[in-house]
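The values are calculated or read from the model by the stated rules, or taken from the named source; none is laboratory data. This structure is a prediction, so every number in the text was calculated from the model and none was measured. Here Cβ is always computed from backbone atoms with ideal geometry, including for glycine, and neighbour counts include all displayed protein chains.
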Amino acid sequence: MPPAQCPDCWTTLTGATGASQARPGSLSVCVYCGCLMKFMPDYSLERLSKAEFAALPQDIRERLLEAQRAFRAARDSKTHPTKDKAATKALARLLYPRLFPGSK
């Protein structure tokens, strides 16, 4: 994945968990500010609109919000998100739901 900037905090993101599986339209969450994003055809990132978010299945919306809350909590506590277990688990649940059957 080429480096991309978060559309909210403008942090340059040089990698993503699950980036090898990312396709245009794939969803992501900024680990620095919690921005909900989608990959564009050139693998740049665009903020997910309210309408796009509302159109997602409920379980995906819940997982996105869980990851967003965890990353924002890590940011607010001054813990780097990749070292925060709750943030890491929330992102893993979003990206790999089959590993967490029946979880929300």
Within region 50-76, residues surrounded by 14 or more Cβ atoms within 10 Å (Cβ to Cβ), farther than 17 Å from F39 by Cα and among the acidic types (D, E) come out as E62, E66
The one condition K89 fails out of (1) assigned to a loop (DSSP other than H, G, I, E, B); (2) modelled with pLDDT under 90 is (1)
Per the filter on region 43-52, residues part of a loop (DSSP other than H, G, I, E, B) and touching a residue at least 40 places away in the same chain (Cβ under 8 Å) are Y43, S44
Apart from one, (1) in contact with a strand residue (DSSP E or B) (Cβ under 9 Å, 6 or more places away or on another chain); (2) in a helix (DSSP H, G or I); (3) of a type outside the set (D, E); (4) modelled with pLDDT of 85 or more all hold for G25; the odd one out is (2)
| message | Please verify whether S20 is part of a helix (DSSP H, G or I), at pLDDT below 70, more than 14 Å from the chain's Cα centre (by Cα) and not charged (D, E, K, R), treating the condition exactly as stated. | response | yes
